[in-house]
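Heads up: the structure comes next, in structure tokens.
The values are calculated or read from the model by the stated rules, or taken from the named source; none is laboratory data. Quick caveat: nothing in here was measured; it's all calculated off a predicted structure. Counting neighbours? That spans all protein chains shown, and the Cβs are built from the backbone with ideal geometry, glycine included. Note: areas computed on protein heavy atoms with side chains; ligands, DNA, RNA excluded. Shrake-Rupley method; radii C 1.70, N 1.55, O 1.52, S 1.80 Å.
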Amino acid sequence: MAGHIEHRIAEITREIEALAASDERTRRLMTVPGIGPLVATAFVASAGNASQFRRAKDLAAWLGLVPREHSTGGKTTLLGISKRGNHYLRRLLIYGARSCVMHLNRTSNRLGSWLTGLEKRMHTNKVTVALAAKIARVAWVILYAARLDLRAAHSRKPGQQTARFES
């Protein structure tokens, strides 16, 4: 019985990895530390091309990682963290961020010095959530760039080259 379950898990893992490798958006997302095939496919399935979010912070607020903002007349009001949105995706982002906090090479990655500075001021759990919010914002930028690439591909003439975003 246990062998059958392990075989089935390995089979599903291969399917998810193949699906992630076949989509340009998921391949770009997987370049971000803390995002693997499972998180990338869940992100694209949940947020699509992220066109429903005006800016990156809106996506992070939708996931319940940062407070919503309501600003009028120059007065900024931060609302509470709703913890709405996709619970599964938020959990995956937190797990990926926790893995980065624990295992990221701080000397060779740009996030390393940022994480070290945060850890001096905050508890590890807050650092993890802050990193998850940053990962979500970076994912929005990647999806936004992919959306722009798709628009440019549809609007160009046949044979015309366009500049591409490379992460």
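Points to keep in mind about this one:
- Residue that is most open to solvent (accessible area, probe 1.4 Å), among those in segment 26-75 that are part of a helix (DSSP H, G or I) and among the basic types (K, R): R27
- Of everything in segment 89-119 that is among the basic types (K, R) and within 24 Å of G48 (Cα to Cα), the residue that is nearest to the chain's Cα centre (by Cα) is R90.
- Within segment 138-163, if we keep just the residues that are closer than 18 Å to R28 by Cβ, more than 20 Å from the chain's Cα centre (by Cα) and open to solvent by 70 Å² or more (accessible area, probe 1.4 Å), the residue that is modelled with the lowest pLDDT turns out to be A163.
- Count of residues meeting criterion [out of contact with any helix residue (DSSP H, G or I) (no Cβ under 7 Å at 6 or more places or on another chain) and assigned to a helix (DSSP H, G or I)] in segment 83-110: 7
- Members of segment 85-137 found to be β-branched (V, I, T) and open to solvent by 60 Å² or more (accessible area, probe 1.4 Å), listed by number: T107, T124
- Test for R14: is it open to solvent by 80 Å² or more (accessible area, probe 1.4 Å), without any contact (Cβ under 8 Å) to a residue 60 or more places away in the chain and within 20 Å of the chain's Cα centre (by Cα): no
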